[in-house]
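*Asks:* Pasting in a structure now, in structure tokens, and then I'll have a few things to ask.
The values are calculated or read from the model by the stated rules, or taken from the named source; none is laboratory data. Computed from a prediction, not measured in an experiment: that's the story for all the values here. Backbone-built Cβ (ideal geometry, glycine too); neighbour counts: all protein chains shown.
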Amino acid sequence: MELLIKGGTVLDPLAGEITRKDILVSGGRIAGTGRDLVPGSAVEVLDASDKLVVPGLIDMHVHLREPGYEAKETIRTGTRAAARGGFTAVACMPNTNPVADTAALIRYILDTAREQGSAHVFPVGAITRGSKGKELAEMGDMRKAGAVAFSDDGMPVANAALMRRAMQYARMLGMPIISHCEDRDLSSGGSMHEGYMSTVLGLKGIPASAEEVMVAREILLAEETGCRVHIAHVSTAGSVRLVREAKSRGIPVTAEVTPHHFTLTDEAVAGYDTSTKVNPPLRTAADVAAVKEGLADGTIDVIATDHAPHTVEEKDVEYERAPFGLVGLETAVGLVWTVLVETGVLTPLQAITKMTLNPARILNIPRGTLEPGVIADITVIDPDLSWTVDAGLFESKGRNTPFQGMKLKGQAYATVTGGRVRMLGGQVKD
């Protein structure tokens, strides 16, 4: 059956255009676009009046937890959360159990996603065996199996010589390195940003330098090797400055920021809600302002969630003992629209570009556009819908969100993946 998405305002980041037109989907691909297309008798019609029609959203930084941590999340539940949040594709990090450091595990993730997924899944392979930072994993084999990037996310590669070698191999393979920038000697034992609030709350802090010294290292290694390096979850003003300077010198570096890092400051930790415990930690108001400036001027290329579900039992402990991470797939669109678009930090087209075309280009995957002939991954957004975050309605197994009860404006209305409607009006279809 064909699908006609009718009456919407289409945001096309590739063309840089905003137009009112219909989109016809046939055979899982975009068959054509135009004004006032007339549906046939066998066409399913999706009414997008007063809504935005955009390329399917891509989250290039999620943790699906499978294999090994299925109590936290599975590929099935994680991709259902993605579909509900408006995402048609996610790139999943390799810190599973066992770590996704072989071709066999990459194939397992892909096979499971094909059978159970509500969104496309693009696996990220580990840089080192077991993400232990001792020896390189079989990067070439993982690329052949379907990995789209390499990262030891959550376990930074401390050995600079090893990271340099990884970048040399990744460049030969035409693959990006996604770097979790953290100096563990500086961050060791910390629970939140080191500053006034950590002193008031009596919690050991993580200084901004723990992130920034590693960002500087990765930039220098990228300059030397020519490898494309993507800096994950930028959180400090210093990191934004370093990336901006690197780009001005033509170094192949890109960067992402999460919604929680442009929405919350370290003052959110005041109630000791362990959902605010994230890595890197929530920073100061000055850092949040710098991140927003980096988004506005193009220094930061991508908005990604770092979706990191945990069980209630793991998070319901003392702040210092809780694991880092929060869930973000189902609140991302609302936070982007409320915090960035409604306030004028980004235009709707700029925001969508950072959630579609830019991550697709960084990962070198054929997504992020609405050109005729491409795979029909499409998201319909209601920019005017006001709603309140209720973790009890999440498709994710995780409930660890600091945004519970927050009023937001803007939400995904429909998610079309491979030509199939996977979510409509907040309800994910099996």
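*Asks:* Across the range 350-364, what is the number of residues that are crowded, with 17+ Cβ neighbours inside 10 Å and touching a residue at least 60 places away in the same chain (Cβ under 8 Å)?
*Replies:* Adding up the residues that qualify gives 10.
*Asks:* Surrounded by fewer than 24 Cβ atoms within 10 Å (Cβ to Cβ), under 21 Å from Asn279 (Cβ atoms) and hydrophobic (A, V, I, L, M, F, W, C): which single residue out of Ala322, Ala304, Ala308, Ala332 fits that description?
*Replies:* Criteria check complete, one pass: Ala322.
So that you can scan it fast, the table gives a plain yes or no per residue for (1) of a type in the set (Asp, Glu); (2) closer than 16 Å to Thr331 by Cα; (3) not assigned by TED's automatic domain parsing to the domain that holds Val341:
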residue	(1), (2), (3)
Ala31	no, no, yes
Gly40	no, no, yes
Val45	no, no, yes
Leu64	no, no, no
Ala71	no, no, no
Arg80	no, yes, no
Ala83	no, yes, no
Ala91	no, no, no
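*Asks:* Just the residues that are out of contact with any Lys or Arg (no Cβ under 7 Å at 6 or more places or on another chain), part of a strand (DSSP E or B) and either touching a residue at least 60 places away in the same chain (Cβ under 8 Å) or not assigned by TED's automatic domain parsing to the domain that holds Thr415 (or both), please, taken from the range 5-16.
*Replies:* Ile5, Leu11, Asp12, listed by residue number.
*Asks:* Still on this structure, I have one more. Of the conditions (1) under 23 Å from Glu194 (Cβ atoms); (2) small (Gly, Ala, Ser); (3) touching a Phe, Trp or Tyr at 6+ places or on another chain (Cβ under 9 Å), Ala255 fails just one. Which one is it?
*Replies:* Every listed condition holds for Ala255 apart from (3).
*Asks:* Let me ask something else about it. Could you pull out the residue among Thr379, Thr415, Thr401 that is within 16 Å of the chain's Cα centre (by Cα) and in a strand (DSSP E or B)?
*Replies:* When all the criteria are applied, what remains is Thr379.
*Asks:* Same structure, new question: I'm trying to understand the selection: among the residues of the range 92-112, which are charged (D, E, K, R) and touching a helix residue (DSSP H, G or I) at 6+ places or on another chain (Cβ under 7 Å)?
*Replies:* Asp101, Arg107
*Asks:* Please work out which one of (1) closer than 28 Å to Ala89 by Cβ; (2) touching a strand residue (DSSP E or B) at 6+ places or on another chain (Cβ under 9 Å) is the condition Ser275 fails and give its number.
*Replies:* Result: Ser275 fails condition (2) only.
*Asks:* Going by the conditions given, is Ala147 part of a helix (DSSP H, G or I), touching a strand residue (DSSP E or B) at 6+ places or on another chain (Cβ under 8 Å), small (Gly, Ala, Ser) and closer than 20 Å to Ile362 by Cα?
*Replies:* No, not satisfied.
*Asks:* Output the residues belonging to the range 249-275 that are under 19 Å from Lys354 (Cα atoms) and small (Gly, Ala, Ser).
*Replies:* Passing the criteria: only Ala255.
*Asks:* Residue check: is Ile127 within 30 Å of Gly426 (Cβ to Cβ) and not acidic (Asp, Glu)?
*Replies:* No.
*Asks:* Still on this structure: Filter the strands (runs of 3 or more DSSP E) completely within the range 18-116 down to those with at least 2 residues that are in contact with a strand residue (DSSP E or B) (Cβ under 7 Å, 6 or more places away or on another chain) and among the acidic types (Asp, Glu).
*Replies:* 43-47
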